[in-house]
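Beneath this line is the structure, given in structure tokens, with notes to follow.
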Ligand code: SF4
Ligand code: SF4
Ligand code: SF4
């Protein structure tokens, strides 16, 4: 048990465990110390000097994020010296910041804008030399605008420490220092996996997704196009935050109605192809065991993880399931089965997926996920982009009564729903494996693979055999698991990896939350709880029970893994 430390903050006695920072201790006294570069579990470098405090008897000001509590110290968070220092610091940051607040994608959600207002700064007090950097638009998913960057390094820590990718870092020296890729190349020349975690870490509008909103409006307004949307499992758990609903609000039915109000569109449920993924993946795993193909098998639902493997572990590409992601499967079915059934020329069908991340924007541009140069999914919109479209259309989202998805892709199992949280794909697979191989439908909940730890291991007895499985989220954790597999230290049969810590509910395209929320609220658990609660309420909990999947196999796909299903639902990978 940790030793407890007594101190005073603004004359209020506080007792906190040893090692707590002054910033965290202040929260215990209901006092907020502003911060900018600090992000819990990601970045703690005391660089921006916004969180400075006075400590009685010490000279100068201390950064509260890096200063650990000491017995008996007296901290002042709101003295004249502290307020003046913070104000000057913010004014200095603004002196080189390209202020485009009215049209900035982060307007109203920008942490710098909020601080400027809270401290009533003069934004033009210091007129510094304004750098003019070229905006990096080289990837189809993330835009980097160094003219707005305030050098907090939250993105750099995220990419290096949490994702273990290292695509960006500080480059150059002195006044010219900036965040960039090695040799100042475009992001497309790096091993960036497109996860978008740097975007959600950024406090200002220096990082944002490449928007496809105009493409979607153009398709909706084109009378020659039929427009269909489908939404990923996690969107229903997060979209409400865009409209200021508390984290953990389930808005699936409002989301469907709001999309339908955008124009003459149909709205489908991507949980259907999450179910289909389980059926195809289960079949593939059994075939790998029987034919002695490479094991362990890694899941392939997450395009950020797939790109990570293509860059870093060419020798293990044969261990990736060949199943397309649920997004890839849905696009392929729409441009084939759905078009044939409804007598639509595939070139007249405009397919929009609503997805939790920017990695899926990259995925839709993969040539292998299309036919004859035509992509299966025309546009992938992040949760934030969908929110912006709903806002632009003037829809009172929070007042909507809600509607159901459109047939034939409406009904899905609870197992499909939990795909949006780390461990969800594994649990869905275990449900089907236990049910089909053991002939029991009693075991539905596999608690060992749930929750937010970065790496989870479990052993289950299935078909009389002990099966070791592993679940990891966050690519730095994924790298640890891959290295353990490669060295032979671990001998799992099946491994689920999601690039984003906590899975898609915490994806890089999800609604932005300020550091004041991210540092103190367990967003991942609140959002995941929506999916698990909804799964529990679902009468159908297992993917193999899905009547929609059954219909798809009967009418079109024949059987899991058979030629037709294989050509439409499976893919291949490219060493990069
Ligand atoms: S998208 Fe992901 S991998 Fe790429 S720079 Fe951002 S955090 Fe790094
Ligand atoms: S891009 Fe954003 S997160 Fe990265 S250093 Fe600049 S301001 Fe900070
Ligand atoms: S975990 Fe989900 S949100 Fe994150 S990159 Fe993978 S698919 Fe996208």
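The values are calculated or read from the model by the stated rules, or taken from the named source; none is laboratory data. Everything quoted here is computed from the prediction, not taken from an experiment. Ideal geometry is used to build each Cβ from the backbone, glycine not excepted, and the neighbour counts take in all protein chains shown.
List of remarks:
- Residue match in segment 201-224 (condition: within 15 Å of ligand 2 (Cβ to nearest atom), part of a helix (DSSP H, G or I) and surrounded by 17 or more Cβ atoms within 10 Å (Cβ to Cβ)): yes
- Residue in segment 291-306 that is part of a helix (DSSP H, G or I), free of Cβ contacts under 8 Å to residues at least 12 places away in the same chain and either under 22 Å from the mean Cα position of the chain (by Cα) or not assigned by TED's automatic domain parsing to the domain that holds residue 231 (or both) present: yes
- Among the residues of segment 125-176, those identified as within 10 Å of ligand 1 (Cβ to nearest atom) and assigned to a loop (DSSP other than H, G, I, E, B) are 139, 141, 163, 164, 165, 166, 167, 168.
- Test: residue in segment 230-239 that is over 28 Å from residue 339 (Cα atoms) and surrounded by fewer than 21 Cβ atoms within 10 Å (Cβ to Cβ): no
- None of 389, 374 is without any contact (Cβ under 8 Å) to a residue 40 or more places away in the chain and touching a helix residue (DSSP H, G or I) at 6+ places or on another chain (Cβ under 7 Å) except 374.
- Residue ID - surrounded by the most Cβ atoms within 10 Å (Cβ to Cβ), chosen from residues in segment 390-415 that are closer than 30 Å to residue 449 by Cβ and in contact with a strand residue (DSSP E or B) (Cβ under 8 Å, 6 or more places away or on another chain): 412
- Selection within segment 184-201: residues that are more than 10 Å from ligand 1 (Cβ to nearest atom) and touching a strand residue (DSSP E or B) at 6+ places or on another chain (Cβ under 8 Å). The member of this set that is modelled with the highest pLDDT is 186.
- Residue match in segment 250-260 (condition: within 22 Å of residue 360 (Cα to Cα) and over 25 Å from the mean Cα position of the chain (by Cα)): no
- Test: residue in segment 464-478 that is in a loop (DSSP other than H, G, I, E, B) and at pLDDT 95 or above: yes
- Tally of residues being within 18 Å of residue 110 (Cβ to Cβ) and in a helix (DSSP H, G or I) across segment 79-97: 9
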